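After the structure tokens below, expect a handful of questions from me.
The values are calculated or read from the model by the stated rules, or taken from the named source; none is laboratory data. On a predicted model such as this, the values are computed, not experimentally measured, just so you know. FYI the Cβ positions are ideal-geometry reconstructions off the backbone, even for glycines, and counts take in every protein chain you see.
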Amino acid sequence: MRRAVLLVMFLLVFAAASSAFATTYYVDDDATSPYLGTSDQPFLHPQDAADVVDPGDTVIVRDGTYYDSPPDASEPSIIKLSRTNGTSSNPIVFRSENPWGAVLDGDSNAADWGIQIWNPSGNASYVTIEGFEIKDCASSGIHTWDADHVLIKGN
């Protein structure tokens, strides 16, 4: 019995510790340098956050219009999540600060996708996309490839 109690306590502490390392990043199209991703010094482009997120992290994208910047000629998308996956207990979350306040604009089909979710080294998983307006993309607003447990809501 004592071992079971110790095991449960260990698992609870471990779970709390893993969530404690989650980071909230901010993006603002009016941001000025330095772009650290903090509330006071947000990233300028959503892709900057996508390049650093880890499981459990949340990205809050403030109201504004965001384009594919810098343009990626090989796979143009405004946000490309391809570096890491979330987990079942620690998903990666991209959220508009206010519903439909953050606009991902494909710039009259210059970007194929507003958001592209895939991982070249494995499947893309446990990602939540919430509250964006996505428009004027050549192919689709949200594109997933070899992805599972992707929650898309209120876009």
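Considering only the range 121-139, how many residues are more than 13 Å from the chain's Cα centre (by Cα) and either modelled with pLDDT of 95 or more or outside any loop (DSSP other than H, G, I, E, B) (or both)?
Filtering the range 121-139 down to residues more than 13 Å from the chain's Cα centre (by Cα) leaves 121-123, 133-139.
Restricting the remaining residues to those that are either modelled with pLDDT of 95 or more or outside any loop (DSSP other than H, G, I, E, B) (or both) gives 122, 133-135.
Result for the range 121-139: 4.
Let me ask something additional. Does T84 satisfy being polar (S, T, N, Q) and at pLDDT 95 or above? Walk me through it before giving the result.
Working: polar (S, T, N, Q): yes; at pLDDT 95 or above: no.
No: the conditions fail for T84.
Still on this structure, please answer the following. Within the range 102-116, identify whether any single residue is touching a Lys or Arg at 6+ places or on another chain (Cβ under 9 Å), surrounded by fewer than 23 Cβ atoms within 10 Å (Cβ to Cβ) and either modelled with pLDDT of 90 or more or of a type in the set (S, T, N, Q) (or both), and answer yes or no.
Taking the range 102-116 first, the residues touching a Lys or Arg at 6+ places or on another chain (Cβ under 9 Å) are 102-106, 113-116.
Remaining after also requiring surrounded by fewer than 23 Cβ atoms within 10 Å (Cβ to Cβ): 103, 105.
Retained after the next criterion (residues that are either modelled with pLDDT of 90 or more or of a type in the set (S, T, N, Q) (or both)): 103, 105.
Yes.
If you take the residues in the range 21-57 that are under 17 Å from Q116 (Cα atoms) and of a type in the set (V, I, T), which one is farthest from the chain's Cα centre (by Cα)?
Per the stated criteria, the residue is V52.
Could I ask something else about it? Starting from the range 94-120, take each residue that is in a loop (DSSP other than H, G, I, E, B) and list its partners that are crowded, with 23+ Cβ neighbours inside 10 Å, counting only C-beta distances under 6 angstrom and pairs at least six apart or across chains.
G106/C137; A111/D68; A111/S77; A111/I78; A111/C137; W118/A124
I would also like to ask the following. In the range 137-149, how many residues are of a type outside the set (S, T, Y) and surrounded by fewer than 16 Cβ atoms within 10 Å (Cβ to Cβ)? So that I can check it myself, show each step before the final result.
Step one: of the range 137-149, the residues of a type outside the set (S, T, Y) are 137-138, 141-143, 145-149.
Subset that is surrounded by fewer than 16 Cβ atoms within 10 Å (Cβ to Cβ): 138, 145-146, 148-149.
Result for the range 137-149: 5.
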